[in-house]
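Accompanying notes for the structure given below.
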Amino acid sequence: MTAKAAAPEIPAPVGFGSLLSSSWWVVRSLFGTLMKVMLAVVAVEWLIFVLVLAVAESDSPGFAVAFAALLPLVVRVTLGGLGVALGATIIADSLAGEAVSARAAVRSCRPLMRELLAAALFGALLGMLIVFASQGAGLLFLPLFYGPPLIAQVIALEARPFQMATARVREMGRGQLARIFGYLLFVAVLIGLIVAVVPRLIASPAEGLGEAGQLGVFVLLSVVLSAVALAFFAAVSTVAYFDLRARFENYGPDDLKAERGS
């Protein structure tokens, strides 16, 4: 028998390797709860995408192209940001020994929804500008704008307004933000490539299913992989947030339990 992997210490300072291993441990430990939230987020994103395509096809070509390109991007980053915040709440409560559920996470974030939505829309604006400035290349690291990372965690876990959360991240991240940004950028590009490439590689050989079957396989794989990727990015950005707090104010597991304890 293989021994069960020991739980990592979170919050604690992490390097790149321990950030990835700790985040993957978090996702595996909370897979069911995180996936309920992330599948709901991705399903809404796809539904809006389909509706946008339907509206765009019935309108003038110039408007259709702009509408079909712009709105799904804004919706994807905005919903991704809310998913990251909900995931951070689930992860923090679990690490603190509290009972977790998708419903409890929504209930916890509801009073902060205005601030979380403001942050998520700010991330969507940044993402949109980068995607257009890079002529589409920014789509590969779009998760980097979900939340945005660290800001969403401060709002969700410390109940701070958006502007104060931004200042708090700058304060905690003094001398550390470049390192954390590099970590998050790598993870964002990695999961962006996986979500973009893997469904196509698997769906393409399924010619025997016909066009409708191939499309069904592609959409199903895209939804599931996007949900897993969102859960993992929520875990990575939350562990990174705890890294900053651990280095800035010697914040540890006991402090988290006292802060999140019911």
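Of the residues making up segment 6-57, just one is closer than 29 Å to residue 103 by Cβ, acidic (Asp, Glu) and in a helix (DSSP H, G or I), namely 45.
Select from segment 126-179 the residues that are aliphatic (A, V, I, L, M) and without any contact (Cβ under 8 Å) to a residue 12 or more places away in the chain and write down the one among them that is farthest from residue 90 (Cα to Cα).
Going residue by residue through segment 126-179, those that are aliphatic (A, V, I, L, M) are 126, 128-131, 133, 137, 139-140, 142, 144, 150-152, 154-157, 159, 164-165, 167, 169, 172, 177-178.
Cutting the leftovers down to without any contact (Cβ under 8 Å) to a residue 12 or more places away in the chain gives us 129, 133, 137, 164, 167, 177-178.
Working: 129: 31, 133: 35, 137: 32, 164: 22, 167: 24, 177: 24, 178: 27 Å.
Top of the filtered list is 133.
For residue 130, the conditions (1) outside any helix (DSSP H, G or I); (2) surrounded by fewer than 21 Cβ atoms within 10 Å (Cβ to Cβ) are fulfilled apart from (1). Only helices (runs of 4 or more DSSP H) whose full extent lies in segment 170-262 are considered here, and the ones with at least 1 residues that are hydroxyl-bearing (Ser, Thr, Tyr) and touching a helix residue (DSSP H, G or I) at 6+ places or on another chain (Cβ under 9 Å) are 177-203, 210-249. All conditions but one from (1) outside any helix (DSSP H, G or I); (2) among the polar types (S, T, N, Q); (3) closer than 15 Å to residue 237 by Cα apply to residue 135; the one that does not is (3).
Could you tell me how many of the residues in segment 37-73 are under 17 Å from residue 146 (Cβ atoms), of a type in the set (Val, Ile, Thr) and either surrounded by fewer than 17 Cβ atoms within 10 Å (Cβ to Cβ) or at pLDDT below 90 (or both)? Counting residues in segment 37-73 that are under 17 Å from residue 146 (Cβ atoms), of a type in the set (Val, Ile, Thr) and either surrounded by fewer than 17 Cβ atoms within 10 Å (Cβ to Cβ) or at pLDDT below 90 (or both) gives 2.
Yes or no: residue 89 in a helix (DSSP H, G or I), among the polar types (S, T, N, Q) and either closer than 25 Å to residue 260 by Cβ or more than 17 Å from the chain's Cα centre (by Cα) (or both)? Yes; evaluated as a whole, the condition is true for this residue.
The values are calculated or read from the model by the stated rules, or taken from the named source; none is laboratory data. Only a predicted model underlies this, so the values are computations on that prediction, with no experimental measurement involved. All Cβ positions, glycine included, derive from the backbone under ideal geometry; neighbour counts span all protein chains shown.
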